[in-house]
1. Output the number of residues of the range 219-238 satisfying the condition of being under 12 Å from Ile169 (Cα atoms) and either at pLDDT below 95 or not polar (S, T, N, Q) (or both).
2. Which of the residues that make up the range 201-242 are more than 24 Å from Thr185 (Cα to Cα), of a type in the set (Gly, Ala, Ser) and out of contact with any strand residue (DSSP E or B) (no Cβ under 8 Å at 6 or more places or on another chain)?
3. Across the range 248-267, what is the total count of residues that are in contact with a Phe, Trp or Tyr (Cβ under 8 Å, 6 or more places away or on another chain) and not in a strand (DSSP E or B)?
4. Tell me which residues, restricted to the range 409-449, are in contact with a Ser or Thr (Cβ under 8 Å, 6 or more places away or on another chain) and charged (D, E, K, R).
5. Scanning the range 412-428 for residues that are within 19 Å of Gly398 (Cβ to Cβ) and part of a helix (DSSP H, G or I), which turns out farthest from ligand 1 (Cβ to nearest atom)?
6. On the basis of being among the aliphatic types (A, V, I, L, M), closer than 30 Å to Asp289 by Cβ and surrounded by 21 or more Cβ atoms within 10 Å (Cβ to Cβ), does Val361 make the cut?
7. Where in the range 308-401 are there strands (runs of 3 or more DSSP E), lying wholly inside it, with at least 3 residues that are within 14 Å of ligand 1 (Cβ to nearest atom), under 20 Å from His436 (Cα atoms) and assigned by TED's automatic domain parsing to the domain that holds Gln448?
8. Leu305 versus (1) within 16 Å of ligand 2 (Cβ to nearest atom); (2) under 26 Å from the mean Cα position of the chain (by Cα): which is the lone unmet condition?
Amino acid sequence: MTVKTETLMRTAVVDTLKKESIGKSVKVCGWVRTRRDSKGGFSFIELNDGSTFDSVQVLAENTLPNYESEVLKLSIGSSVEVHGTVVESPGKGQTTEVKAGSLKVLGYADPATYPLQKKGTSFEFLRTIAHLRPRTNTFGAVARVRNEICRSIHNFFQSRGFLYVHAPIITGSDCEGAGQMFRVTTLDLDNLPRTEDGKVDFEQDFFGKSTNLTVSGQLEGEIFATALSNIYTFGPTFRAENSNTSRHLSEFWMIEPEMSFCDLEGNMQCAEDFLKTIFSDVLNNCPRDMAFFNERIDKTVIETLQGIVSSSFERVSYTEAVDILLKSGETFEFPVSWGIDLQSEHERYLTEKKFKKPVIVYDYPKDIKAFYMRLNDDNKTVRAMDVLVPKVGEIIGGSQREERLDVLERRMLDSHLDPAEYWWYLDLRRFGTVPHAGFGLGLERTVQFCTGMGNIRDVIPFPRAPKTAEF
Ligand code: ATP
Ligand code: MN
């Protein structure tokens, strides 16, 4: 069959780079990365369309009718549509190239004003042009790896029979950490309705009560797990904490599996299998992007991921971890004693220096953990777990949940929470309660860990952080 060139489907650059494509007629479209002109009367154009890390080399000869008038005006960032043939490339560095039969300019990018001229532009600068940074090597690679991680996450749970449940983004329960929530309101801030005692009258607000953006889908996840057994949520979460670190965002994505008939052991095993699956999928399915990260961002990233996939995580109780820290001989900024919340420096010592691999710390003191974590028989610790990884620190936080109604009520009162407000949560224990457990994985920390990117703001398309909400 002969196909008229005009009606050809677009071929992705990734496909034009394959040996099997040699001899095929193609239409390739993309953005110019470089143009090199040869004295022999032709030009090489590196064309990238994001379908893979590499660009395809387009050979444009001066026999093209618009060679002088248009091809020689192409600069970085310009967009073009090329109709041509995939041929074996005589040059070094690539197997194939596209010999242009015609080249249409879709849009020029004026080199005098296009911001992405030089290589090695700083990540700080690129954050100020979030609308253009996906066109760079690094951000293209991050986007593809992030996509692979998301695919891997869904595959992992779907292949194990977990149901994907959507937790609400606007929540009426100010569960954990009310102080760090973003309020959702349609009240007129310049003219707030007040109750008789002078407080803001949220009965007049949109939902007739005070509402916020969710900090976690866990409680809703528990509702579905105590009916459908194994579920996971995967959605955006919001935290108004004022932490300007390289590991915190105000808006980030969290994956929260919740499993009925499961204890902390099962939870830890699930978390370990889950992370290993993600890392091995990234290594297997993003080799080109990972080679780039290994070369340009962190020379140890591939080796680290490979090492983790083929060995088991270390497991230490909180009490053991405190002992290790006390005996470490290190001087920490925050002194260590039983009962403290582990700081990032402590977590990093355990995973980077002591064990040099992921560590699961479990059985934390009840006073530093949430009320819903299952109380141990020692009455001092709860069945909590954190998974710590080198450089990033905490990547997963989870627990076995308290399924005993009386214990849960007591723990709520101890935490100054009103059980009446959590009547629906307590109902899950009142009617057919079951042991259950779950955890939360931060998507961006996972992308950070897989790519070696130093700042979490560079692994989400549009970062939200204190004083930062561009675009
Ligand atoms: P951290 O102590 O590091 O601030 P956390 O204990 O408050 O985290 P959890 O409430 O346990 O976090 O949330 C579960 C997971 O979500 C964490 O293990 C982490 O991977 C991720 N996460 C938590 N807060 C943030 C944030 N502000 N930005 C990005 N990811 C986060
Ligand atoms: Mn945590």
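The values are calculated or read from the model by the stated rules, or taken from the named source; none is laboratory data. What you are looking at is a predicted structure, and each value in this text was computed from that prediction instead of being measured. Cβ sites come from the backbone with ideal geometry, for glycine too, and all protein chains shown count toward neighbours.
1. 5
2. Ala227
3. Residues flagged as in contact with a Phe, Trp or Tyr (Cβ under 8 Å, 6 or more places away or on another chain) and not in a strand (DSSP E or B) within the range 248-267 amount to 3.
4. Glu421, the sole residue that qualifies.
5. Only one residue fits best here, namely Leu428.
6. no
7. 359-365, 381-389, 393-400
8. (1)
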